[in-house]
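Structure first, then comments.
The values are calculated or read from the model by the stated rules, or taken from the named source; none is laboratory data. What you see is a predicted model; the values in this text were computed from it and never measured. As a convention, Cβ positions derive from the backbone with ideal geometry for all residues, glycine included, and neighbour counts pool all protein chains shown.
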Amino acid sequence: MIDIPITHVFMISALLFCVGFIGVLARRNTLFMLMSLEVMLNAVGLAFVGAGSLWQEADGQIMFILILTLAAAEVAIGLALLIRMQHQRHNVDVDGLSQLRG
C-alpha cells in the first residue's frame, strides 16, 4: 500500500477549494456557481478524510458522508430553482436575480 503524505492531501484539498472559490466569484452563470460549490464541498470532504486517516479515526469519513448528503440536497434545490428561473426569466444569470421583487 502506498502512503501519501498528509501535506499532499491538504495541498490538493486547498487547491481544489481555491479553484471552486474562484469559480464562484468569477462566474455569473448560476449553474457554474453550483458546480463550483460542489468542488468546494468535495475539497472540504477530502480534507476531512485526510485528517481522519492521519488520526486513524473514522470521523473524517463520517463527516464526508454528511457533506455528500448536504451536497445532494443543495443540488436538488439548486437545480429546481434553476429550472424555475429558466422558465420565468429565460436565462440563468445571477445578475437577473437582483431584479426580482417579492
Next item on the list: Considering only residues that are among the small types (Gly, Ala, Ser) and either modelled with pLDDT of 75 or more or within 25 Å of the chain's Cα centre (by Cα) (or both), look in segment 83-102 and name the one that is surrounded by the fewest Cβ atoms within 10 Å (Cβ to Cβ).
Entry: Ser98
Margin query: With the requirement that a residue be surrounded by fewer than 15 Cβ atoms within 10 Å (Cβ to Cβ) and in contact (Cβ under 8 Å) with a residue 40 or more places away in the chain, what does segment 9-67 give you?
Written below: Arg28, Asn29, Leu31, Leu54
